[in-house]
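So the structure is just underneath, and the comments pick up after that.
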Amino acid sequence: MDEAMAASGAAALKEPAAGPDFLEGYLSEPAYAARRGVSLRTCQRDRQLRQSPPYVQIGRRIFYRVDAVRDWLLGRERSAERKPSAPRSARSDARSSRGLAPG
């Protein structure tokens, strides 16, 4: 019987079974910076200038929801707009008229 009590006491000391991670689908700020390829300070500055994706603050830590980052990126997407430019020969003529060497 002592063994049964010891086993139940040991089971009571164990942490409860891990449920679903409530931060699943979120990136910490350092992970977000690494994925973006910029420094942590750049992410902090972007957040201060309100140029960052939506974020969640838990205590002092910042988290970004992956889906919100994707939506933010899609909103910043630009198409490549080509402006008509002068023909190359006109550009070289302009250089020679200013006394610049072509090339």
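Readers should treat all values here as calculations from the given coordinates under stated rules, not as data from a laboratory. None of these values were measured; they are calculated from a predicted model. Ideal geometry is used to build each Cβ from the backbone, glycine not excepted, and the neighbour counts take in all protein chains shown.
A quick yes/no check of all residues on (1) over 23 Å from ARG76 (Cα atoms); (2) touching a residue at least 12 places away in the same chain (Cβ under 8 Å); (3) in a strand (DSSP E or B):
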| site | (1), (2), (3) |
| --- | --- |
| PHE22 | yes, no, no |
| LEU27 | no, yes, yes |
| ALA34 | no, no, no |
| ARG41 | no, no, no |
| GLN44 | no, yes, no |
| ARG47 | no, yes, no |
| ARG50 | no, no, no |
| PRO54 | no, yes, no |
| ILE62 | no, yes, yes |
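The set of residues in region 64-73 being in contact with a helix residue (DSSP H, G or I) (Cβ under 8 Å, 6 or more places away or on another chain) and either in a strand (DSSP E or B) or on the phi > 0 side of the Ramachandran plot (or both) consists of TYR64 alone.
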